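Notes to accompany the following structure.
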Amino acid sequence: MRIISRNSNLAIRQVEEVMKQFPLTDYSLVTTESFGDRHKEVSLMDKSVAPDFFTRELDAALLDGRADIAIHSAKDLPYPLPPGIEVIALTKSADKSDSLVSHNGLTLSQMPSGSRIGTSSEQRKAELLALRNDIEVVAIRGTIEERIAQVDNGTVDALIVATCALTRLGLSHRATERLVFETHPLQGNLAITASARVSDDIRSLFEGIDIRRQYGKVTLVGFGPGDPELITVKGQKALEDADVIFYDDLTNEPYIRRFRAEKVYVGKRSGRHSHAQDEINNLLYKAATEGRRVVRLKGGDAMIFAHGREEIDYLKAMMVSVEVVPGISSGIALASLTQIPLTHRHLARSVAFVLGHSAMPQTPDADTLIYYMGGEKLSTIAEALLRSGRNGDTAVALVTNVSLPEQRVVFSTLSELRYAVFRDTPVLIIVGEVVALESQSHHQRIYDTGTQGSTPLIRIERNQIHQPEASNFDWVVFTSRYGVRYYEKNLKGVKVASIGPVTSAELQRKGISPIFESPTQSAEGIIDFFTRQPVCRILLPRSDKGLRALSDGLRASGHEVVDLPVYRNTQNPQAEAHDLTLYDKVIFSSPSAVDAFKNIYANQSTKHLLIIAKRKTTYEAIQTI
């Protein structure tokens, strides 16, 4: 049998360690210098280092028939392996720890501040600095002997090295101490690789030392949207056969308790993670290497916004067998459970699933969009879709608790959601014409808190103050219809600006057409307009609670501004609290309505409500509800 390995002493000792278990097997050893061995100037901490830095020459020898097997340190293998290369055996690791080799026999805690410690691993660097942030970590390359020589000649004060490497080279006496570091899962393991065409005799020879035979298997199971009756038969069988189940929030805990397996909660919700993803990966790996049948149970489908491929890649790189059982993704289940089709031959021929909590939400050019985990970014998503060209009247459905008894659907439009808050999570957001097929037949229970609503929370009253003539100013800027209504002076011949369509309509009733109307229906639109105008005198007839941001913004551009509180905005003393559970939406037209609402409804939950603001200034206020 022809064996190939790298030409370092450690690599040769590793071949001898494997082959002494087969004393009757004749073999010849060919050593070679790998690309990584030739280029010691390249730091292994460089993110651009190719995965096959130490293995490509050995793989080439296997593929072209110059060798039958190669023997490697398992952690040096790339993932995925090159096409045509297989691991035919993985040996047991005698020691996975790291050791410190120091110049004066000092332990890590004894080393002076500023000491230079060499390593070739980013993970070891992080571990070192976590314990001693006052030392300098130096990237180091070369064989183990060459690295120890750099300790002896004073190039570095100490070195971190795998304990098993020192043992294999007969250098255990150089270790000052073992370190309590979390090391690479495959540290100390040896991997025997071969071409996929290798003979069955060679495969069977190494079968007996392959520790993977004792490994369990990890099965990723999609639980479905939440209703236990929607899990697949195959998924349920995997749960019945499991020794341990790692489960998420979006599964049904009472249902899981019926199975005999150990249950481990590894849920991750917004702002609250029981385990980091790296920790979950490691838990799955350790359970599998203990020979246990492992189920990783995920809400929905394991391969849709569920880190499924990350776990697969990690486990396969560690040589653990993985299977995936499909689940019904909540984004697909909601179509049946709300009767909103994702596709329709007349309305929608394409559909996209989108991650909703990105800083800048994507807006794919598909007829129907389903945003997962988008509740906290609802307004941002709506704004992005409007900017991308979607019509403001496009129907939107917000669906919570898909498939569960408490499932709810709230309908809206993109323009309405531009300034909206919805805190009932997890929520799926469906956007598209198909939503209107269902929304048109649903009665929305809406609580309008403004003065035009059925239960107004605020009262508007004229403020009896002296009103200057409009002719004394270059511009009169109106921010609400009440400012127009209660300003009594003649506006003829004066330049007038309006904050939006409702205010402009009130001006039209007085026979006045505004020269400028804010396209954003916000103070920002007015401020932006006046930054491009010559310095002038501006009158602002508005509420006694008018936000200073507008007048301050205008003054910042050099304009002279007179705030004129022509009306008072007070809480309606006749407003009575209603049962908020009777409503789907609550609409606010002013920050003062928000303040009144918080006073009246301080003891009721608003989590289930879609909270809508008519303008940006009010949107900022509803964040506090």
Check your understanding: Listed highest first by mean packing, meaning other Cβ atoms within 10 Å per residue, what order do 235-242, 460-467 come in?
Key -> 235-242, 460-467
Check your understanding: Only one of the listed values, (1) 25.2; (2) 30.4; (3) 28.6, was derived from the coordinates as Kirkwood radius over Cα pairs in Å; which label is it?
Key -> (2)
**Study point:** Alpha-carbon centroid distance for the pair segment 231-250 / segment 357-372, whole angstrom
**Key:** 31
Revision key, fill the gap. Gyration tensor on Cα atoms of segment 70-118, a ≥ b ≥ c root eigenvalues, a/c under 1.5 rounded, else prolate if a/b beats b/c, else oblate, says prolate
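For the chain, what is the percent of antiparallel DSSP beta bridges, rounded to the nearest 5?
Values: 45 of 102 bridges.
Within the chain, antiparallel bridges account for around 45 percent of the total.
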Practice item. Could you sort 27-33, 482-488, 160-166 so that the peptide with the highest average Cβ count within 10 Å comes first and the rest follow in order? Key: 160-166, 482-488, 27-33
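Carbon and sulfur: what percent of segment 297-429's accessible surface (1.4 Å probe)? Before the final figure, lay out the partial values.
Numbers: 2910 of 5700 Å².
The computed percentage sits at 51.
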Practice item. Would you mind pulling out the separation of the Cα centroids of segment 526-578 and segment 39-86, in Å? Key: 69
Exercise for review: Could you check how much of the accessible area of segment 179-244 is carbon and sulfur, as a whole percent, using a 1.4 Å probe?
Suggested key: 48
Check your understanding: Tell me, what is the per residue accessible area of segment 1-117 in Å², probe radius 1.4 Å?
Key -> 49
Point to revise | Surface share of carbon and sulfur [accessible, 1.4 angstrom probe, percent] for segment 529-575 | key: 51
Check your understanding: Between A130 and Q508, what is the label-to-label distance in nm when each label sits 7 Å out along the Cα-to-Cβ direction?
Key -> 6.6
**Study point:** Per residue solvent-accessible surface (Å²) - segment 191-308, probe of 1.4 Å
**Key:** 47
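Among residues other than V434 whose Cβ falls under 15 Å from its Cβ, what is the net charge (Lys/Arg +1, Asp/Glu -1)? Don't jump to the answer; show the numbers that get you there.
Details: positive: R345, R349, R390; negative: D367, D393, E433, E438.
Here the count lands on -1.
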Check your understanding: Between segment 127-187 and segment 440-510, what is the C-alpha centre distance in whole Å?
Key -> 75
Study note, to complete from the structure: Any residue on another chain or 5+ positions along whose placed amide H is under 5 Å from the amide H of T520 is listed here as G525
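By the scheme Lys and Arg +1, Asp and Glu -1, what is the net charge of all other residues having a beta-carbon under 14 Å from that of D59? Intermediate results must be reported in sequence, preceding the final value.
Details: positive: R6, R56, R66, R197; negative: D52, E57, D64, D68, D76, E86.
Here the charged neighbours net out to -2.
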Exercise for review: Determine which lysines satisfy two conditions relative to K316: a Cα distance under 24 Å, and not lying fewer than 8 residues away in the same chain.
Suggested key: K47, K75, K92, K96, K217, K234, K237, K263, K268, K286, K298
Review point. Around D448, which amide H atoms from residues at least 5 apart in sequence, or from another chain, sit under 5 Å from its own amide H, with H modelled in the peptide plane?
Key: S454, T455, I587
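The values are calculated or read from the model by the stated rules, or taken from the named source; none is laboratory data. Computed from a predicted structure; not experimentally measured. When we count neighbours, we look across all protein chains shown, and the Cβ atoms used for this are built from the backbone with ideal geometry, even at glycine. Only protein heavy atoms, including side chains, enter the accessible area calculation; ligands, DNA and RNA are left aside. Shrake-Rupley method; radii C 1.70, N 1.55, O 1.52, S 1.80 Å.
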